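See below for the structure under consideration.
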Amino acid sequence: MGKILVVEDDESTLEFIEPELKHEGFDVVTATDGRMALEVFEKENPDLITLDVMLPELNGIEVLRRIRKTSSVPVILVTARGETLDKVNGLNAGADDYIAKPFMIEELLARINAVLRRTQDSASKESELKNGEIILNTSSMITTVAGNQIDLSKTEYLLLKLYLEKQGEVLSRNDIIDQVWGKDHYIDISVVDVYTSYLRTKIGKFSKKDYFKNVRGVGFIMNVIE
């Protein structure tokens with residue numbers, strides 16, 4: 001379920017939240033002031049933070065600002081009911097959501113799950129490179145064409161990844177060699193043509209679209225396919 005850092009200086013509120021989150025399957029770590037929150041955050045690397053605004057040492061807004069200098073971890077700000085300025089300042093500082101005290105545990109759980117889902121969906125989208133019928137997942141290293149998985153060698157995978165990242169841009173053969181094979185590899189530039197041909201063949205089994213264009217005397221460009 002993930003690890004949650006609960007930052008709360010009120011002992012009764014902490015005793016209310018912590019067991020409920022553990023019951024839902026979350027690993028829970030806690031902090032009771034702003035400086036402790038930053039220390040626990042650095043040590044525990046939580047998946048989400050619930051952060052009270054009114055804290056000793058450092059207030060929640062300042063804690064959030066410092067966290068945002070190095071991390072995009074999801075943060076749900078806990079404010080006093082009616083404190084609109086805290087909500088505005090918190091959202092401006094990078095909070096993902098907010099909840100006002102007093103709250104029902106069901107509402108807090110719903111907000112936690114919603115924020116985690118949004119974060120996971122965003123991460124999933126960021127790990128996918130797409131063009132037309134081609135989808136390359138950089139997390140799983142799985143490539144599909146029109147829904148069909150294709151098997152790629154490591155070099156083919158790296159070459160296709162580069163083309164997808166730079167689609168619509170002309171890439172010289174020397175630049176492709178530097179980025180796929182490495183600058184320390186001295187190989188004939190014709191190898192780019194050979195491996196691009198391999199990709200054409202494998203992609204062409206499932207798609208009739210023309211993804212690669214040879215730019216005479218320069219290199220290749222991956223056409224952007226709608």
Note to self: Tell me whether the stretch 1-18 contains one or more residues that are acidic (Asp, Glu), crowded, with 22+ Cβ neighbours inside 10 Å, closer than 25 Å to GLU83 by Cα and in contact with a Gly (Cβ under 6 Å, 6 or more places away or on another chain).
What the structure shows: no
Check: Does ILE176 fit the bill of being within 17 Å of LYS130 (Cβ to Cβ), β-branched (Val, Ile, Thr) and touching a residue at least 24 places away in the same chain (Cβ under 8 Å)?
Finding: no
Next item on the list: Select from the stretch 184-198 the residues that are of a type in the set (D, E, K, R) and either in a helix (DSSP H, G or I) or buried (at least 16 other Cβ atoms within 10 Å of the Cβ) (or both) and list them in ascending order.
Entry: ASP193
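Does the stretch 44-56 contain any residue that is outside any strand (DSSP E or B) and under 30 Å from GLN149 (Cβ atoms)? Explain how you work it out, then say what you get.
Here is the first cut: in the stretch 44-56, the residues outside any strand (DSSP E or B) are 44-47, 53-56.
Remaining after also requiring under 30 Å from GLN149 (Cβ atoms): 47.
Checking the stretch 44-56: at least one residue is outside any strand (DSSP E or B) and under 30 Å from GLN149 (Cβ atoms).
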Checklist line | Conditions (1) over 18 Å from LEU129 (Cβ atoms); (2) at pLDDT below 95; (3) open to solvent by 40 Å² or more (accessible area, probe 1.4 Å); (4) in a helix (DSSP H, G or I); number of the one not met by THR201 | finding: (2)
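Out of the residues in the stretch 57-76 that are of a type in the set (D, E, K, R) and not in a helix (DSSP H, G or I), state the one that is farthest from the chain's Cα centre (by Cα).
Start the filter on the stretch 57-76 by keeping residues that are of a type in the set (D, E, K, R), which leaves 57, 62, 65-66, 68-69.
Cutting the leftovers down to not in a helix (DSSP H, G or I) gives us 57, 69.
Values: GLU57: 31, LYS69: 16 Å.
Only one residue fits best here, namely GLU57.
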Note to self: Show the residue pairs meeting these rules: Cβ distance below 6 Å; 6+ apart or different chains; first residue within the stretch 19-40 and part of a helix (DSSP H, G or I); second residue of a type in the set (Asp, Glu) and surrounded by fewer than 18 Cβ atoms within 10 Å (Cβ to Cβ).
What the structure shows: GLY34/GLU57; ARG35/GLU57
Notebook entry, point to check: Which of (1) within 30 Å of LEU21 (Cβ to Cβ); (2) at pLDDT 95 or above does TYR163 not meet, given it meets every other one?
Noted result: (1)
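The values are calculated or read from the model by the stated rules, or taken from the named source; none is laboratory data. Since the model is a prediction, treat every value here as computed from it, not as a measurement. Using ideal geometry, Cβ is built from the backbone for each residue, glycine included, and neighbour counts are taken over all protein chains shown. The protein model used for the area step is the full one, side chains on, heavy atoms only, and it has no ligands, DNA or RNA in it. Shrake-Rupley method; radii C 1.70, N 1.55, O 1.52, S 1.80 Å.
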